[in-house]
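Computed from the coordinates by the stated procedures, all read-outs in this text should not be read as laboratory data. Being a predicted model, the structure only gives us computed values, none of them experimental. Ideal geometry is used to build each Cβ from the backbone, glycine not excepted, and the neighbour counts take in all protein chains shown.
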Amino acid sequence: MDTYHRILEAAAELFAQHGYEAVTMRDIAKASNIKAPSLYNHFQDKQHLYQTCLQWVFRQHNDQLTSVFNSDTSTESQLKSVIQLSLAKMTEDENFRLLIQRELLQNDKTRLQFLAHEVMYETCQQMEGILKNLAPNADHHFLITTLMGLVMFHVQIGPMREFLPSSDSKHHQLEYLSEGIFKLFIQNFH
């Protein structure tokens, strides 16, 4: 792995685990096994590194979603795949999940705007295209944010799920959760 990507990997983990404010450039350099001044050969400052890190972490997921949006499958199949991929990504990639959660909790307007406009915007526009086909007269912004909320909540509640009433092993299976979210979501379109 080259130095640039080693820095991004180390930074993603540190930012996810500790948050933007708590991480220093020295911390990132140490975790990357380079000297702190060397970071500035790749990134002009901490904010630039953080923004690049967010784009890098989200790019893989966004690329997977784009391939779904560009597929020849039905609109409903595309929606189902988006839900499955998003649940899997949120469950399997702790850095991805924690970065989103931290940004929402920190509520820093500038960083949220960057995340929405520079990292998630294109994917949300593509999602809007699916929703326009399924429910042309619906409030697509509301549907997109509702879908995001359903996916994030089901992942976040996972550790507590077994202690809630009527818990069953199927409630921990991504396929079951994905199908349930899809059915709940799609029933409003018919």
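Can you name the number of the only condition in (1) of a type in the set (A, V, I, L, M, F, W, C); (2) touching a Phe, Trp or Tyr at 6+ places or on another chain (Cβ under 6 Å); (3) under 18 Å from G149 (Cβ atoms) that V57 fails?
Every condition holds for V57 apart from (3).
Looking at (1) of a type in the set (A, V, I, L, M, F, W, C); (2) farther than 16 Å from V155 by Cβ; (3) over 11 Å from the mean Cα position of the chain (by Cα), which one does L104 not meet, given that it meets all the others?
The one condition L104 does not meet is (2).
Could you list all residues from the stretch 142-169 that are among the small types (G, A, S), within 20 Å of I100 (Cβ to Cβ) and surrounded by 11 or more Cβ atoms within 10 Å (Cβ to Cβ)?
G158
What pairs come out if I take residues in the stretch 95-108 that are within 11 Å of F15 (Cβ to Cβ) and pair them with residues that are β-branched (V, I, T) and surrounded by 15 or more Cβ atoms within 10 Å (Cβ to Cβ) whose C-beta lies under 9 Å away, six or more apart or interchain?
Listed by first residue and then by second, the contacts come to N95/V57; L99/V57.
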